[in-house]
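Notes follow once the structure below has been shown.
The values are calculated or read from the model by the stated rules, or taken from the named source; none is laboratory data. Note that this is a predicted model, so its numbers are computed, not measured. Heads up, the Cβs are rebuilt from the backbone with ideal geometry, glycines too, and the neighbour counts pull from every protein chain shown. Keep in mind that these areas ignore ligands, DNA and RNA; they rest on the heavy atoms of the full protein, side chains included. Shrake-Rupley method; radii C 1.70, N 1.55, O 1.52, S 1.80 Å.
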Amino acid sequence: MAHPDPLIQKYLESLSGMFADEDVRASVLSEILARPEDVVAYRERYKYTRIWEDFSDEYFALAEAESRVSAPRKQVLAGKIYSTAHPAPGASDILAEALTRTDLGQGAEAGPLAELLERHPDMLEAYCSFPESGKDVFADLNRAFATPGIGIYIPQGVRMQQIIRVVRAAGQGEMMRSFVYLGDGSESTLWWEERPEGSLANNVCHAFLGKDARAEWTQTFCSGAQTLFIHHNYVRQLTGSRMQHHVFNVGGRSVRLNHNVSLSGPVASHESHGLCYIGDASVSDVDIRMEHTASDCTSNQLYKQIADGNSLGIFTGRILIPKDSQRTLAYQKSNNIQLDPRSMIRTRPQLEIYADDVKCSHGATVGQLDSEALFYLRSRGIGLQEARRLLLGAFAGEVFNDMEHPALNAAIRQYVGNHVLLLEDIQ
Amino acid sequence: MLSIKDLHASIKDTPILRGVNLDVRPGEVHAIMGPNGSGKSTLASVLTGRDVFDVTAGEVTYRGTNLLEMSPEDRARAGIFLSFQYPVEIPGVSMANFMRLSVNETRKYRGLPPLSPAEFLKKMREQASLVELDQKLVSRSVNEGFSGGEKKRNEIFQMAMLEPLLSILDETDSGLDIDALRVVAQGVNALRSPERATVVITHYQRLLDYIVPDYVHVLYQGRIVRSGDKSLALELEARGYDWLKPENNG
């Protein structure tokens, strides 16, 4: 049956086409290749990680090879969905394989994205409201090859009491697109866990917050020692909506997160907090783009990196305030600790402000653990290792301060502490 | 208890201590006075193991063991306490967690079982009231947002919690008003016993009205140039330090 809205109908008809249809693939690829000037921008955006140098050839070879075969490479959607009062799920919690659509109660659903988009026109409409080009070569490649990932649908006005937890284990070469739809006035708490296992994954996750929607969205990344993991978030927020986003990167050879936020309606707010522990021989590269498209919005970035061994930690925080986005509040803080003299931190604030009536700030610190504080603790009988743990835990603790769901807060502290032994004492 | 023999210490090749000799026996209170830059705080730092100072000669024995070979944490566990001239603020580490770790590590070293949470809280409350430290401060991060006087009270509170054998008070009186000084001194005096010793580093005789020393030493250019009883402090107050400087004594 045809959908009354012709636009939506058009998308429904081409639904599979949204996900790596041959024509889409060909057109995206030609689009990328036809924009050599953008490659310069890509290079700039990825300049410190060498992801471009190390992997672009691999990607383009893949792109060329794939564009010659008619049947898209098969990608299997893997993952689990829990709805739970306690983030460490028990046997009685709703649990579903991501391949199966799951009823989360009150009309909320989780499951394969394509199926959810077909069932929920409001969700589809929101999905279509995201601009197609990510202005990012890896996001575009994802668009060219993507298959549908997980969808989460929270209808208008629904307040989810339970925590929705998604556990994903990305397969080799995976390029998936997931979508979290949070209807007007809804409230939800999500824990999205990525544990990529192959050598390469390049995923996109869209999140849409309708008017006055509130969401607490926590992402944890723990990838294998050989994984290059690229993840793109695209968040779009309407009037009065509020998101508290936390990201914890606790492992992996090379992790790149692009967190793109568009505050599209007035009085929307976005808190973006992150903590990265970068172990020996690893790279973490976090790139935030906070676009204050509407007036009277608030954003706050707080990113902390702990670099150990011979590691590289990169933070780029962009704040864009167009000239009509008056009365904007936008803050950014990047705090970094080097545990090893061989480690390197790069932190870049990028503020582009065209409006007059704004309050913006940015600040960055890079340093070692405070030797005076270490001595103070030791002079009270606390051993060196324990003292280091206390100070690192204190450093990390600030990231958790505005994580409001108490059970989630406790669970994530434990999760991070379990993965990063140095952080057992996050207070 | 503590025996310092011909102690030399320097920081980045600049000698600070140039042959300090001092013996402290249980039950005694020693005051170390001296002009700015004479090495008083360096002596406190070397005794507690701050690694920015290099000990270039001499020896320090604490209860029969070579103190200089011990880590700062082991010195603390063995009963040495330094009340810092400038207590460090440690945002994000709560006083309660800090003290619980500190007390239990010290107890472990002495072969005692850890305090139960209830015992620990009781002890915290008792000792905080001893130095009139606001209970609210105890629930905050270590020294964060404390006033100068509160930080010093907090040092004495920690001392009371840890029950050290040898307390070194490094200018605990600086920045204190008269009332705070009295409270801090009361705290110190409450802990005096025949087993415990105290070394008070100060610029002013005033503190010694409250914490009465058995011995007063004058440290000048890295050496103890004069020792005496409490009357020496009064004399210093009246005459200053100049008369003690070796160049003025021929």
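Taking 0.36 nm per residue of separation and subtracting the Cα-Cα distance, what length does fully extending residue A:401 through residue A:101 add? If you can, show how the numbers build up before the last one.
Numbers: separation 300, 0.36 × 300 = 108.00 nm, distance 3.41 nm.
Taking residue A:401 through residue A:101 to full extension adds about 104.6 nm, to one decimal.
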| So how much accessible surface do B and A hide from each other in total, probe 1.4 Å, in square angstrom to the nearest 100? | 2000 Å²
| field | Charge-dipole axis of the protein assembly as shown as Lys and Arg at +1 and Asp and Glu at -1 on Cβ define it, positive-most pick from A:395, A:110, A:243 | value | A:395
| request: Please tell me which of these pairs span more than 25 angstrom C-alpha to C-alpha: B:12/B:40; B:123/B:230; A:304/B:108; A:80/A:333; A:304/B:122; B:40/B:152? | output: B:123/B:230; A:304/B:108; A:80/A:333; A:304/B:122
| request: Pop out a list of residues from segment B:85-108 that are at least 50 Å² less accessible with all the protein chains around than in their chain alone; 1.4 Å probe, no ligands or nucleic acids counted. | output: B:88, B:90, B:93, B:98, B:101
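Place a +1 charge on the Cβ of each Lys and Arg in segment A:369-427 and a -1 charge on the Cβ of each Asp and Glu, then give the dipole magnitude about the Cα centre in debye, rounded to the nearest 20.
About 260 debye.
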| field | Members of segment A:345-382 that become less accessible by 20 Å² or more once partner protein chains are added (1.4 angstrom probe, chain alone as reference) | value | A:372, A:373, A:375, A:376, A:377, A:378, A:379, A:380, A:381, A:382
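Could you provide, to the nearest whole Å², the per residue accessible area of the protein assembly as shown with probe 1.4 Å?
On the way: 27280 Å² over 677 residues.
That works out to 40 Å² for each residue.
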| note | In Å³ per residue, the alpha-carbon convex hull of segment A:268-404 encloses 109 Å³
| Can you work out the FRET efficiency for the pair residue A:350 and residue B:86, with r the C-beta to C-beta distance and R0 = 35 Å, to the nearest 0.05? | 0.40
| task | Just check segment A:349-427 against the gyration tensor rule for me: Cα atoms, a ≥ b ≥ c as the square roots of the eigenvalues, rounded for a/c under 1.5, and otherwise prolate or oblate depending on whether a/b exceeds b/c. | result | oblate
| query | Where in segment A:349-381 is the amide nitrogen less than 16 Å from a point lying 7 Å along the Cα-to-Cβ axis of residue B:115? | reply | A:380-381
| residue A:402 - accessible surface, heavy atoms, 1.4 Å probe, Å² rounded to 10 | 30 Å²
| Once you have the alpha carbon radius of gyration of the protein assembly as shown, what is it after dividing by 2.2 N^0.38 Å, with N set to its residue count? | 1.21
| message | Could you identify which residue out of B:119, B:73, B:105 has the top mean-square fluctuation in a GNM of chain B using Cα springs shorter than 10 Å? | response | B:119
| said: Taking every alpha carbon pair in segment B:135-250, what does the distance histogram look like in 5 angstrom bins from 0, in percent? | reply: 2, 10, 19, 20, 17, 13, 8, 5, 3, 1, 0, 0
| note | Between residue A:350 and residues 5 or more places away or on another chain, the pairs with built amide H atoms under 5 Å apart involve A:317, A:318, A:319
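Given a Förster distance of 30 Å, report the FRET efficiency between residue A:226 and residue A:47 from their Cβ-Cβ distance, rounded to the nearest 0.05. Each step should come with its number before you reach the end.
Numbers: r = 24 Å, r/R0 = 0.78.
The pair residue A:226/residue A:47 has a calculated efficiency of 0.80.
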| Ignoring any ligand, DNA or RNA, what whole percent of the accessible area of the protein assembly as shown comes from carbon and sulfur when the probe is 1.4 angstrom? | 50 percent
| request: Please work out how much length the chain gains when fully extended from residue B:21 to residue B:139, using 0.36 nm per residue of separation minus the C-alpha to C-alpha distance, in nm with one decimal. | output: 38.3 nm
